[in-house]
Amino acid sequence: MQNELQKYIPTNAVLPVLNLLERDDLLVKIKNERKTRHGDYRKLPNGKHQITINSNLNTYRFLITLIHEIAHLEAFKSYGNFIKPHGLEWKQTFQHLMLPFLNPEIFPDALLPLLAKHFKNPKASSDTDAPLALALKQFDEPNNKTFIFEVPLGVSFKLYNGKVFEMGEKRVKRYECIEIKTGRLYLFNPNAEVELIN
């Protein structure tokens with residue numbers, strides 16, 4: 001497992017992560033990219049615990065996602081199975097587990113202030129924290145995707161599922177976009193990644 005993890009997380013995070021995984025007897029599976037999630041946690045029928053994480057995440061996003069999923073198990077162990085998946089108990093557990101990793105030996109200096117702010121009240125997904133998502137994207141492999149906030153008004157773009165939209169106005173935090181085929185209005189987070197249509 002150590003050799004496998006070294007490919008996906010920062011080097012200085014490997015031993016502390018292995019300690020967490022051994023303590024909880026967790027199985028980690030690396031999956032091909034899933035568009036709707038970076039990772040997930042579940043209890044298996046045999047009583048063991050499994051985390052799956054997308055293989056295409058950069059090392060910093062992979063580490064955050066891994067700790068996020070470990071926090072689910074730890075929160076359920078500490079508080080019982082009837083807590084909200086991303087409720088107060090999970091947030092406190094995630095903060096506690098993540099704290100030892102928030103240092104310049106693991107994360108670049110540019111990410112640390114954004115991570116510190118995010119972990120004051122962590123969300124169900126780091127993608128909903130637009131400044132952090134944008135900063136993390138700088139460490140991704142280059143791709144042909146554009147953040148929605150970078151798309152000019154009236155320009156068409158498509159999603160991973162092939163749906164085509166026209167860029168609209170910004171509301172308070174989200175962007176109004178019209179699906180070309182149906183004329184329906186959708187709201188997009190500013191850090192949604194889309195593909196421009198030439």
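The values are calculated or read from the model by the stated rules, or taken from the named source; none is laboratory data. The shown structure was predicted, so the numbers you read here are calculated from the model rather than taken from an experiment. Cβ coordinates were reconstructed from backbone atoms using ideal geometry, including for glycine residues, and neighbour counts include every protein chain displayed. What goes into the accessible areas is simple: the full protein's heavy atoms, side chains included, and nothing from ligands, DNA or RNA. Shrake-Rupley method; radii C 1.70, N 1.55, O 1.52, S 1.80 Å.
A few comments on the model shown:
- Nearest 10 degrees, 0 to 90: helix 14-24 Cα axis against the chain principal axis: 70 degrees
- Relative contact order computed over segment 1-144 (Cα-Cα under 8 Å; 6+ residues apart), in percent: 19 percent
- Cβ-derived FRET efficiency at R0 25 Å, Lys123 paired with Leu196, nearest 0.05: 0.35
- Rg over Rh [alpha-carbon atoms, Kirkwood Rh] for the chain: 1.00
- Computed E for Val172/Tyr79 - FRET, C-beta separation, R0 22 angstrom, nearest 0.05: 0.05
- All-pairs alpha carbon distance profile, segment 76-167, 5 Å steps from 0, percent: 2, 10, 17, 16, 16, 12, 13, 9, 4, 1, 0
- Pairs from the list Lys91/Lys117; Lys31/Lys181; Lys7/Lys84; Lys84/Lys137; Lys48/Lys137; Lys35/Lys137 with a Cα-Cα gap above 22 Å: Lys31/Lys181; Lys7/Lys84; Lys84/Lys137; Lys48/Lys137.
- Accessible surface calculations at 1.4 Å, restricted to protein heavy atoms, place segment 65-114 at 52 Å² per residue.
- Solvent-accessible area assigned to carbon and sulfur over the chain amounts to 51 percent, based on a 1.4 Å probe.
- Note on the chain: helix-only mean residue ellipticity at 222 nm, from DSSP H runs of 4+ residues weighted -39500 (n - 2.57) and normalised by residue number, equals -9500 deg cm²/dmol.
- Springs between Cα atoms under 10 Å define the GNM used for the chain, and in it the highest mean-square fluctuation of Ala71, Ala110, Ala135 occurs at Ala110.
- Each Lys or Arg adds one and each Asp or Glu subtracts one; over the other residues with Cβ under 14 Å from the Cβ of Leu132, this totals +2.
- Summed side-chain charge close to Leu21 - residues other than Leu21 whose Cβ falls under 13 Å, Lys, Arg +1, Asp, Glu -1: -3
- Here's the list of aspartates and glutamates a cross-link from Lys43 could span, going by alpha-carbon distance under 13 Å and ignoring same-chain residues fewer than 8 apart: Asp24, Asp25, Glu69, Glu74.
- Rounded FRET efficiency, nearest 0.05, which uses the C-beta distance separating Asp24 from Leu134 and R0 of 35 Å: 0.65
- Phi-based couplings in Hz for segment 84-101 (Karplus 6.51, -1.76, 1.60; Gly and Pro marked x): 5, x, 10, x, 4, 5, 5, 4, 5, 5, 4, 4, 4, 5, 7, 3, x, 8
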